[in-house]
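Undergrad: Below you'll find the structure I mean.
The values are calculated or read from the model by the stated rules, or taken from the named source; none is laboratory data. Here the structure is a predicted model, which is why all the values come from computation and not from measurement. Every residue, glycine as well, gets a Cβ built from its backbone with ideal geometry; the counts of neighbours run over all protein chains shown. Keep in mind that these areas ignore ligands, DNA and RNA; they rest on the heavy atoms of the full protein, side chains included. Shrake-Rupley method; radii C 1.70, N 1.55, O 1.52, S 1.80 Å.
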Amino acid sequence: MRWWDLDAVLTLERALFPEDAWSAGMFWSELAYARGPAANRRYLVAERGGEIVGYGGLAAVDGTGDIQTIATARDHWGSGLGARLLTALLSAATDFECHEVLLEVRVDNLRAQRLYERFGFVPLGFRRGYYQPGNVDALVMRRTATDPDAEAPDPDPDAAPAVPAPDTPRPKESDHHG
């Protein structure tokens, strides 16, 4: 994800999370930690036909990764895109030498919870009223790196193209919350 992606990301963010969408400032703040020798964030976008259809972000601190956001456009739900985004974020966690990855997911988002469980995330507990202003609880989930050679499940092979590597150059015209 680059600064020039933010308008499209924010449009998708507001469509998917109208009550608790991240602000431009929140994304800018995260992207500030995604470059340079001390980078500890990885943010990426998925494109299809020049349109951003998904995005995700991971923060890494002291061996622990935290999936900050992951989202796919509604018309890409069930396509395997969420699994590919999650795979890319888990790969980033490996790059950052994380021994565990945490995330929060809305308690009413069973679709996302099933995806995370497929990838080995297990429930840890709840954060009451985490998603505001709707006062919706979050389920905290964790995945540990018990086997460094273990791979994530294969995403749907018939789905949209794979997410490009975050540092792959691309043309200027560009293809979470739990």
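Undergrad: Could you list, in sequence order, all residues of the stretch 2-21 that are open to solvent by less than 30 Å² (accessible area, probe 1.4 Å) and either touching a Leu at 6+ places or on another chain (Cβ under 8 Å) or under 20 Å from Glu47 (Cα atoms) (or both)?
TA: Those that are open to solvent by less than 30 Å² (accessible area, probe 1.4 Å) and either touching a Leu at 6+ places or on another chain (Cβ under 8 Å) or under 20 Å from Glu47 (Cα atoms) (or both): Asp5, Leu6, Val9, Leu10, Leu12, Glu13, Leu16, Phe17.
Undergrad: Of all residues in the stretch 73-130, which are closer than 25 Å to Ala60 by Cβ, aliphatic (A, V, I, L, M) and more than 16 Å from the chain's Cα centre (by Cα)?
TA: Val122, Leu124
Undergrad: I'd like the full set of residues that are modelled with pLDDT of 95 or more and open to solvent by 40 Å² or more (accessible area, probe 1.4 Å), limited to the stretch 129-143.
TA: Arg142, Arg143
Undergrad: Scan the stretch 52-96 residue by residue and report those that are of a type in the set (S, T, N, Q) and closer than 22 Å to Trp4 by Cα.
TA: In the first step, residues of the stretch 52-96 are kept if they are of a type in the set (S, T, N, Q); the result is 64, 68-69, 72, 79, 87, 91, 94.
Those that are of a type in the set (S, T, N, Q) and closer than 22 Å to Trp4 by Cα: Gln68, Thr69, Thr72.
Undergrad: If you don't mind, another one. Keeping to the stretch 97-113, report how many residues are assigned to a loop (DSSP other than H, G, I, E, B) and either surrounded by fewer than 19 Cβ atoms within 10 Å (Cβ to Cβ) or touching a Pro at 6+ places or on another chain (Cβ under 7 Å) (or both).
TA: 5
Undergrad: May I ask you to list the residues in the stretch 23-67 that are part of a loop (DSSP other than H, G, I, E, B) and open to solvent by 40 Å² or more (accessible area, probe 1.4 Å)?
TA: Ser23, Tyr33, Arg35, Gly36, Pro37, Ala38, Gly49, Gly50, Asp62
Undergrad: Among the residues in the stretch 76-94, are any charged (D, E, K, R), open to solvent by 10 Å² or more (accessible area, probe 1.4 Å) and at pLDDT below 95?
TA: no
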